[in-house]
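Everything below concerns the one structure shown next.
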């Protein structure tokens, strides 16, 4: 666990926490959005909230690919899976996402559809190779991090002359979503959120680099600090954001220098560019139709495009009206403010997508953080006292030999 | 691990019996499974023994107290580093008997075999079972064999049932944890799950990790003798891992737990594999570990007894029971913050045991 434990070191965390507490101005509040679900997960998993002073507020952003997929796309995937000879290959995360009328891929599989969980795009290509009699459709989702592997799979299928492999493409773009959050001129008053700065994407930035976020700093005056997904990365990014704000700066800074460069991964970008093109618009759960925010396969790769290859009828799909996933994905509400949270909606019986993925804000809060409401509701019981900032001094996990 | 009805708080949404289907989450050891059992089997079988909510049932017979437990094994692959489905079927059921503090006496074994299964593999599995049962001193005294058409099973599925006798005066149950009780874990977690995963098709990775599959009744006997009446409950954290077991005990006993992440022993190679696979060792199955809930006055003696046994050398006190109406399992992370340790929802690793 060398090279990982260093970024989870409780002693260092305590030191950074003390710096944050010392530098955050007591007279003001700081509202930072961590864009990525990976950050949301780290914040919840390691209890980072307990290490921050009360005037630093973390807002969960929409960077969870499963969460932002609108219900209509899941319906679409279920219809694809129901077609004769079609095998739908998907990442496990998507299996339990609620579709219309209480359906899900998990239920469709139990009812007989051939839906298989895979760990990588290449597994899906392998299945296509081994089972030429079946039509293998890969349910491709994700931000810029997962797009190059999908491009690679398509190139591989082409190279192997596979006639039975296609991709149901749902790849979306991070900067477009950030722009939608910052710049939504139609936002209603109750939807207005305060974001003073962003903890910027980790893995996404390894692919696209730091340049695509410059508009946040230049057009909107919001600092961005690109940060890794380890808890110390997040803490350090928060400190860097506090410093930018205190000094009146709004720049794109890179905390994650061990993996992210300004230009990103040019080879991956070229692969994506060769295979995909921009969609004019794409529906996001929570953000609605966002212009130029998603990708589709280029015409030259049409035979690998499941949407072109298997036209299925789709109808307008609506979220459960009580579900607050939309507001939560925009950072307007917190999970516990949804009245379904923990009642009708739990990870076993999710109503909205944010309760499904481990990166979803609701699932993260349910899985790791919901004891905090309980403690504040029944403070007399007082189980786990939140350590004071700087007090959480621990050594790294002790491992048995 | 036998999942019984009151270990897990059922989900609030009802089973849709008219239109629903069994899906993989119903076998995960989590809330969906509890809901299935409560909605189907509880309705059909409900009785006071089931209502105890333990991995085994204890009942009075003339001249003493007996324990009975049954478990099915569907692990894939059948052979994995450190064991196979046969040894696992012996160890797992012996452990469920032992967790009541009982001395296991006899096992039965039932086989569902798929047409076309290699006899050599069957013999290898049977030999492994024989060896495990002889080593444990618990003979397999009766059995049953069924063969189903190709495609109607996957190789072989084994069900073992065990009976045992509880020493006079001993009364262990998962509902007996009280605030202040100490939680002892008998060794490193996650070894079994990671060993099995490492041999899964399409997930092959190189590792030295072997399953911890082992019979724990010897260690249990030492522990019972050392801790005496301060021993409240024991359970083996199999499917669903340490997280599921602590949550079960919290719900049965109406307490919370607070554990210290740093105190939980995890082998570095297991931690690394979990990192790679996106798993939390707290959710990964074990087949040769137990947690013991011990009143504070007996904790030192209990820990010493476990550590003195070869299967308990890495044992550690990992936390304590606390008063908490919400019955949360809380953890102070190595990073210094707080979190809860919940049941895993859905299925992390199908067919791990």
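Structure values in brief
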read-out: Rounded to 10°, Cα long-axis angle of helix A:174-183 versus longest principal axis of chain A; value: 60 degrees
read-out: Candidates B:80, B:41, B:335, ranked by Gaussian network fluctuation over chain B, Cα under 10 Å, top entry; value: B:335
read-out: Segment B:54-166 pair-distance distribution - Cα-Cα, 10 Å bins, rounded %; value: 15, 45, 28, 10, 2
read-out: Rg/Rg_globular for segment B:124-164, with Rg_globular taken as 2.2 N^0.38 Å and Rg from C-alpha atoms; value: 1.39
read-out: Surface/4 of the Cα convex hull for segment A:295-355, nm²; value: 6.2 nm²
read-out: Rg to Rh quotient for segment A:1-310, alpha carbon positions, Kirkwood Rh; value: 1.01
read-out: Spin-label zone in segment A:285-319 - amide nitrogen under 18 Å from a point set 7 Å from the Cα of residue A:274 along the C-beta vector; value: A:296-305
read-out: All-pairs Cα distance distribution in segment A:83-230, expressed in whole percent, bin size 5 Å; value: 2, 8, 15, 15, 14, 13, 12, 10, 7, 4, 1, 0
read-out: Contact order normalised by residue count of segment A:103-222, Cα under 8 Å, 6+ apart, percent; value: 24 percent
read-out: Cα pair distances exceeding 31 angstrom across chain B, given as percent; value: 29 percent
read-out: Rounded tilt (10° steps) of A:147-159 against the dominant C-alpha axis of chain A; value: 20 degrees
read-out: Rg/Rg_globular for the protein assembly as shown, with Rg_globular taken as 2.2 N^0.38 Å and Rg from C-alpha atoms; value: 0.97
read-out: B:43, A:251 arranged by Cβ crowding within 10 Å, fewest neighbours leading; value: B:43, A:251
read-out: MRE, 222 nm, helices only [DSSP H, n ≥ 4, -39500 (n - 2.57), over the protein assembly as shown, to nearest 500]; value: -8500 deg cm²/dmol
read-out: Kirkwood-based shape ratio for segment B:209-308, expressed as Rg/Rh from alpha carbons; value: 0.97
read-out: Förster radius 45 Å - calculated FRET efficiency between residue B:19 and residue B:62, Cβ distance, rounded to 0.05; value: 0.40
read-out: Average beta carbon contacts from partner chains per residue of A:43-50, 10 Å cutoff; value: 5
read-out: Residue among A:95, A:117, A:235 with the largest mean-square fluctuation in a Gaussian network model of chain A, springs linking Cα atoms under 10 Å; value: A:117
read-out: Calculated FRET efficiency for the pair residue A:262/residue A:6, C-beta based, R₀ 25 Å, to 0.05; value: 0.55
read-out: Cβ-based exposure ranking for A:355, A:58, in which fewest neighbours within 10 Å come first; value: A:58, A:355
read-out: Relative packing of A:139-148, A:72-81, which averages over residues the other C-beta atoms within 10 Å, highest first; value: A:139-148, A:72-81
read-out: Average Cα contact separation per residue, chain B, under 8 Å, 6 or more apart, as relative contact order %; value: 23 percent
read-out: Label point distance in nm, residue A:192-residue A:249, each placed 7 Å from Cα along Cα→Cβ; value: 2.9 nm
read-out: Cα-based helix-to-principal-axis angle, A:266-275 vs chain A, degrees rounded to 10; value: 40 degrees
read-out: Fully extended contour minus Cα-Cα distance, from residue A:302 to residue A:155, at 0.36 nm per residue; value: 51.7 nm
read-out: Unit Cα scatterers, Debye sum, segment B:205-245: log10 I(q)/I(0) for q = 0.16, 0.24 Å⁻¹; value: -0.61, -0.96
read-out: Sequence of A:225, A:351 once ranked by neighbouring C-beta atoms within 10 Å, starting from the fewest; value: A:351, A:225
read-out: Hull-based mean projected area of segment A:325-371, where the convex hull spans the alpha carbons, in square nanometres; value: 2.9 nm²
read-out: Peptide-level mean, for B:322-334, of C-beta atoms on other protein chains within 10 Å; value: 6
read-out: Inter-chain shielding of B:262-275 (mean C-beta neighbours from other protein chains, 10 Å cut-off); value: 4
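FYI, it's all coordinate maths here, none of it is from the lab. Computed from a prediction, not measured in an experiment: that's the story for all the values here. Positions of Cβ are backbone-derived with ideal geometry, glycine not excepted, and every protein chain shown enters the neighbour counts.
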